[in-house]
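Below: the structure, in structure tokens.
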């Protein structure tokens, strides 16, 4: 069944179809309508979940950690300041190996205070042990939420589904709602190996001294790396059942490309149009859409960009002192590869500044112009 | 009392004479096996022992410092979502995690009237990190961050009044020197749906600079000198005093503890006046 | 106890940081440098009882309603609980720690209650040991002699008691009046002694129809002749026929003989005999008055007795001494003089000094003298050696003659029933040592109660191996943790109404009913002896005191030595010691 819905509601419907059991969240623009829609779905009885309206995002994550440890499927959603506030608990969730799914609506972090779209908030949490998947469309958002639960419950690490503020969250698009029963077969009930249970009393999230802590981190790292295969597998299964697969990355018109753009999130749609136009003009430009960011799908990315002459990474994020984050992740991933293209880093669209076809074209132009990449990211779309 | 099952193992890592372990022992005896405990950072995070061991015979989840109440709310919601409405969920939190860093989460849970029992075992300082002052530290106390020549200059925060203001169904103070009183209150709390707050006076011989054998005696003196009266509050409205104090002078209580050694006679007199005044206020509320 | 868990490789570790076992393997006992121990000590009442009774244990039993078992316990030490429960001066109550706290426990009344209950149920005592071949002679059937016979019989010896009077019981029978000690109570307890197989020969006076040579067949002898000879006043006229000693009067009355009294009866003296004489005379229709040469403070009679006499309307005049008795115009007269108190005597009491010219006359019908009694020791061999009207004995009660022991009023000790009973038991123990060639010095340390108390037969009868090294420390009020005790009014026994105390010899002291007795026994603090209040168990932070077969046991593997258990023990039944390394 097709419905016109905004990105936030696509999240809510994805959560409903996944039959989450405990939801806890705190409102923050632009996440609010995720939770509002979930409240409506709960009130209608279409979603039988307990909703705990907590008094801060930090408590929201603590709450879902508690509920997940009790052995039920949990969900929360937040953005920027809220995500930053949750930071401590993001570590706690992943270290406890709990399959929590969270939707993060990408928004900038103050100060200065700004409510519009940017990818720094989720990327600043890239060390916390959460998987991160960046969505391009509202359809992808809904589908990814469902996939996220399956992945999380398999690898026993929490998963963050990321969507752009306003561009996706508040923009209506047609979305195909999968059949609930079929989703139920794809994603059966959550059965954890260990859960809080007086019949089998244990201590969870133990105090681990130096002689054990490293092993737990090692296991997490292993799980994180192995999760890449799981993500691929789940996406493949989803594609077979529902007819829509997205892959870990997507290569768009990269055959024979000498310049490949790399984007993530809604900006990819804009980039697609730009690439089409450039190809019309005879430029051999291609586009790599990065979907799975954590763990970084290095092999899949390399596969696509290996033979390009230049790669231009479009970042809507900034790590102060470093530069655009996707660019630096890519540079780091490639550093030991014998054959690797030079990677050009561009920063644009921070704080919700619009990224248009013009922006993409400018980036392409600059990349062609420069013989080699600047060490520092180049800022596109600045005043004067 | 020995007919009630022991739900705590020996071999835990508490200091000798620890009031917090005595408190846990009574609480678990009263709650029974059908209980899950949430423990944020506090002495009990360590007392319970490291991976791969535990000191309790009920499920326990460790959580971050300020999240005692919120994690407990989540655990309760999770258990109910999977069909278990019987298991009692208890947050077991120190005074730091209740009065200071965790007060927001506690207030949130209380406002939502989440069905948890929130235990605050109060040893009047951040003991686990080395005896630093908290807002539960009484006026005039030495701690490592309020040295003797500059002891704590603010009174102890009145947490019970704060919880009463939330109009939760049940809040009560307990002391480890009165086991029957405490266990009766815990059982009563267990039978009520909604947020219940139990404030347990938990002497710390290590941090209070008293001999390890004095924990119970100090806990008893605290009640009888009116420093820590034992009472219950229902819906923030009905106050009920449980034990009539014997009006022992606070001096007797203060001089048992090295953390008060530096107090002058004037200060002690001031403390006595404050204690008497607070007691009169409580008495008035109880009589209404 | 759980084992330590070994996780050698990363694969052994679960993916989630969850617990796999308990902390029990961790022997936190290694942390300690002081260790607690259960250490029963001596209750002051037990130490204070000259008959060596385990009063504290009896209080526990009565408090639980197990009255007959309490009686059994008392009978291990003392065959006369019914007697003592009526006439003892209860030094136990003066020693009671509760006396300092609020009011002493009514131990004396509880002893009486126990005995009365046992009597009602027809409870009897069991025999202890196999029969031995030796025989022991006991001269005198008072409390000392009969107690000695009782214990010797229980030890298996053949005991024969020789009594000069036609009745058994000594002063208990002929010195203490019926309204204080009913004869049927005394006779019931004497019967239980005789049931042990004790032989008796009444109307047999040592020195007359019983001579030293008659005692040669006995392996040991216990002298318990008692003090039956009234001291003389030393004034003119005291041998007249209207002057008699108080003891002779009481003896005659108790044997059912008539004594002419008249109305105006004067008793000279201030001890129990004087009081008993006066109260007996009153019941027989006289109007007695007592004359005592000092003041009330110096009166040696038991204060309760003085008080009861005054309640019954008996007049006591203080600071009066007799001068002479004479007849004038057919009227019997007693000349008296008033005294004042001068400097103290050898016994510490202020001596009375005549006030010259204060003489006055009293018209009397009968005068009784009751200024003290002595023993008649003339028949005893010189070897025994009399000093100060008493037979010198060592701490065993042994005299200078081998095989001859002495006890009761004829030796140097306070002249009370309970001391007599204690000396009878002591003699039985050391006669046994003498006859079985045991080292008696060891015995003292093993069977003495506390450091200054009397001896325990129950302990003596234990196997020598079981003469456990118990604490000899007596617990005082400051050793107790008073946080656990609340003041509670003492229950006192009721007395008969005044109508029954005039003209009849019905018992004055009625006692109290079972619920009162049980409640009163529960007032006992159980000083120094664990009564399973479970404080140690309840307050232990390490669950290191556990229940095993109902008892509390310390788990030294885990005890950290914090000392809370010892501090919170209400009755000082625990001790904290240095950890031996």
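Throughout, read-outs are computed from the coordinates displayed, never taken from laboratory work. Here the structure is a predicted model, which means the values were calculated and not measured. Neighbour counts run over all protein chains shown; Cβ positions are idealised from the backbone, glycine included.
Tabulated results
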item	result
Contour minus Cα-Cα distance for residue C:394 and residue C:548 (0.36 nm per residue)	50.8 nm
In nm, spacing of pseudo-spin labels at residue C:241 and residue C:579 (7 Å Cα→C-beta vector)	8.9
Per-peptide average of other Cβ atoms within 10 Å, ordering C:493-501, A:149-157, A:280-288, C:142-150 highest first	C:142-150, A:149-157, A:280-288, C:493-501
The protein assembly as shown: mean projected area of Cα convex hull, nm²	66.5
Relative exposure of B:275, B:58, A:101, C:331, judged by other C-beta atoms within 10 Å (fewest first)	C:331, B:275, B:58, A:101
Contact order relative to length of the range C:157-269, as percent, for alpha carbon pairs under 8 angstrom and 6 or more apart	34
Approximate spin-label separation residue B:33-residue C:315, in nm, with each point projected 7 Å along Cα-to-Cβ	8.3
Sequence-separation-based contact order of chain C, relative, with Cα cut under 8 Å and 6+ spacing, percent	23
Residues listed by number, the range A:218-237, amide nitrogen under 18 Å from residue C:10 label point at 7 Å toward C-beta	A:218-229
Nearest-0.05 FRET efficiency for residue C:232 and residue C:442, computed from C-beta distance (R0 51 Å)	0.65
Value at 222 nm in deg cm²/dmol, rounded to 500, when DSSP H runs of n ≥ 4 in chain C each add -39,500 (n - 2.57)	-8000 deg cm²/dmol
Beta bridges by DSSP in the protein assembly as shown, antiparallel share as percent, to the nearest 5	35
Shielding by partners, peptide A:46-56 (average Cβ within 10 angstrom, other chains)	4
Amide N proximity, the range C:424-442 versus residue C:219 label position 7 Å along Cα-to-Cβ, cut-off under 11 Å	C:431-438
Gyration tensor verdict on the range C:232-373 (Cα atoms; rounded if a/c is under 1.5, prolate if a/b is larger than b/c, oblate otherwise)	oblate
Alpha-carbon centroids, the range C:1-71 and the range B:60-82: separation in whole Å	36
Highest to lowest packing among C:453-459, B:29-35, C:398-404, scored as the average C-beta count within 10 Å	C:453-459, B:29-35, C:398-404
Residues C:96, C:433, sorted so that the one with the fewest Cβ neighbours within 10 Å comes first	C:433, C:96
Residue-averaged beta-carbon neighbours from other chains (10 angstrom radius) around A:206-213	6
Global geometry of the range A:250-379, whether rounded, prolate or oblate, following the gyration tensor of its Cα atoms and the 1.5 cut on a/c	rounded
Counting DSSP beta bridges with both ends in chain A, the antiparallel % (nearest 5)	25
Degrees separating the helix B:68-81 axis from the principal Cα axis of chain B, which is the longest one	20
Label-point separation in nm, residue A:383 to residue A:233, each point 7 Å along Cα→Cβ	5.3
Whole-number percent relative contact order across chain A, with pairs defined as alpha carbons under 8 Å at least 6 apart	16
Shielding of C:531-539 by partner chains, average beta-carbon count, 10 Å	3
Neighbour-count ranking [beta-carbon atoms within 10 angstrom, fewest first] of C:167, B:186, C:417	C:167, B:186, C:417
